[in-house]
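One structure below.
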Amino acid sequence: MSTQAETGTLMSEFEAMQRRRRRVALLVVAAVVAGVGAWLTGPIGVVMIGFGSAAGWALAALGLVLLAAMVVALVAAARSRLAPESRPGKANARFDEPVPSRNPNGGHGMIGSGIGGH
């Protein structure tokens, strides 16, 4: 019964990790698309403003909006890359619950050391 519960927990953590990875990938793609759009519309809008066209203001404004969308998407991708427990200020449910080692021989940190040992 315990093994099934552990397997279920591991699978749910794996699925959550996969969802985070997909979300990060989609946000990065959205940031790239917004960046390309800002790169195309912004300078063209500025040039059209220089020629006195009213449509240049709309293109320049659209370029600024796309640039802001790119920054927001990149920040959201960076923040959603981390697991919720590892973010600053978030509670880590496993922090106060020490788990004994599964190794019956103990850990390897103290091998070869001892009082007066060589």
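For the stretch 90-104, the criterion of being open to solvent by 50 Å² or more (accessible area, probe 1.4 Å), modelled with pLDDT of 90 or more and not β-branched (Val, Ile, Thr) is satisfied by no residue at all.
Only a single criterion out of (1) touching a helix residue (DSSP H, G or I) at 6+ places or on another chain (Cβ under 8 Å); (2) loosely packed, with under 11 Cβ neighbours inside 10 Å; (3) at pLDDT below 90 is not satisfied by Gly50, namely (3). Within the stretch 17-47, being open to solvent by 80 Å² or more (accessible area, probe 1.4 Å) and under 12 Å from the mean Cα position of the chain (by Cα) holds for Arg19, Arg21, Arg22, Arg23, Leu26.
The values are calculated or read from the model by the stated rules, or taken from the named source; none is laboratory data. Since we're looking at a predicted model, the values are computed, not measured. Here the Cβ is made from the backbone with ideal geometry for all residues, glycine too, and neighbour counts use every protein chain on show. Keep in mind that these areas ignore ligands, DNA and RNA; they rest on the heavy atoms of the full protein, side chains included. Shrake-Rupley method; radii C 1.70, N 1.55, O 1.52, S 1.80 Å.
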